[in-house]
Each structure stands twice: as structure tokens, then as C-alpha cells.
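Heads up: the structure comes next, in C-alpha cells.
The values are calculated or read from the model by the stated rules, or taken from the named source; none is laboratory data. In this text, all values refer to a predicted model and were calculated from it rather than measured experimentally. Virtual Cβ from ideal backbone geometry, glycine too; neighbours counted across all protein chains shown. Side chains are part of the model used for accessible areas, which takes the heavy atoms of the whole protein and leaves out ligands, DNA and RNA. Shrake-Rupley method; radii C 1.70, N 1.55, O 1.52, S 1.80 Å.
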Amino acid sequence: MSSEVFLGRLDARHAQAERRFAELRAEMSAFKAEFAALLDARLAEMRTEFNAKFAALYKAMVITAITSTLTIILGVGAINATVYTGMLGAFGKGEELGAMYTKLGQRMLEHDAQFNRMMLKQREDFARVEASLDARFAEEKAERARQRNRRAPRQ
């Protein structure tokens, strides 16, 4: 075999390898674009889900704050009215006043406890959503790294 034939075959193999490398690069670019679009869509979906849950949390906090404030205002008003009525009704009504005051105090304690439970639940839900988002992000990042490593040219 002459050196010209050998070099001709070598050039043909080299051209074929370059063509295949160009095809792989084009496939990788297409996959990269497709993966980026898929990742962006998934992140947008997760962001929408997160915003919806956060809006629900915010709404619950606002409603709870308003309810607690109204309960306190009405409770103080009720206590004031009860004290005034008790003063007018003399000491015979003292037992009734004490019972009502105790009930109001218990009701306020129950509302505070319920508020604290709701806040704890909202914090737990938020932490769960945040952990889920962090885990998903880490998984997708690791998957991208694995795919990048698989497609990286061997030295």
C-alpha cells in the first residue's frame, strides 16, 4: 500500500470523524436547548405552585391577624361592659361576672393557641415546600452534571 493511498484513507477517516463530531455537537446543542426549555417550564410551574401556596399562607396569616385583633377588641369591650354592668348590678352578680370573665379568658387563650397552631402549620408547610424545591433543584442540577459528564469528550 502506498503512502498516498494510506494518507487518503486516513484523511477520509478524519473527515468522517469530524462529520460525526459535528453531528454530535448539533445533537448536544439541540438537547441543551430542549433541556433548558423543559427546565424553564418546570421552574415556572414550581414558581407558580410556590406563589399559590405562599398566597394562601399570606391570606391565612392576614385572616388570623384580623380575627385575633377583633377577638381582643371585642373581648376587651365585653370585659368593660361586664365590669360596668357588675358595678350597677352590685355584688350579687359577682359570680356571674367571674364566670363570664373566666370564659372570655379561656376563649382568648383558645384563640391564641389556635393561632399558634395555625402559624406552626404554615411554617411547616412552607418549610416542606422549600425543602421540596431545594431537593428538586439539587436533583436537576445533579442530573445536568451527570449528563454533561457523560457527553464530555474523553481525553
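Here ALA60, ALA36, ALA138 are screened, and the one residue that is part of a helix (DSSP H, G or I), in contact (Cβ under 8 Å) with a residue 12 or more places away in the chain and not basic (Lys, Arg) is ALA60.
Being under 30 Å from ARG25 (Cβ atoms), within 30 Å of the chain's Cα centre (by Cα) and acidic (Asp, Glu) is not true of GLU110. Of the residues ARG42, ARG151, which single one is closer than 30 Å to GLU18 by Cα, in contact (Cβ under 8 Å) with a residue 24 or more places away in the chain and surrounded by fewer than 14 Cβ atoms within 10 Å (Cβ to Cβ)? Of ARG42, ARG151, the one residue that is closer than 30 Å to GLU18 by Cα, in contact (Cβ under 8 Å) with a residue 24 or more places away in the chain and surrounded by fewer than 14 Cβ atoms within 10 Å (Cβ to Cβ) is ARG151.
With the requirement that a residue be of a type in the set (S, T, N, Q) and free of Cβ contacts under 8 Å to residues at least 40 places away in the same chain, what does the stretch 119-135 give you? Scanning the stretch 119-135 gives a single hit, SER132.
Flag set for LYS59, criterion: open to solvent by 80 Å² or more (accessible area, probe 1.4 Å) and closer than 30 Å to ARG128 by Cβ. Against the conditions (1) in contact with a helix residue (DSSP H, G or I) (Cβ under 9 Å, 6 or more places away or on another chain); (2) aliphatic (A, V, I, L, M); (3) modelled with pLDDT under 80, MET87 satisfies every one except (1). Within the stretch 96-117, the only residue that satisfies the criterion of being in contact with a Ser or Thr (Cβ under 6 Å, 6 or more places away or on another chain) and open to solvent by 70 Å² or more (accessible area, probe 1.4 Å) is MET100. Tally the residues that are under 18 Å from ALA145 (Cα atoms) and within 20 Å of the chain's Cα centre (by Cα), restricting the search to the stretch 23-41. Matching residues across the stretch 23-41 total 3.
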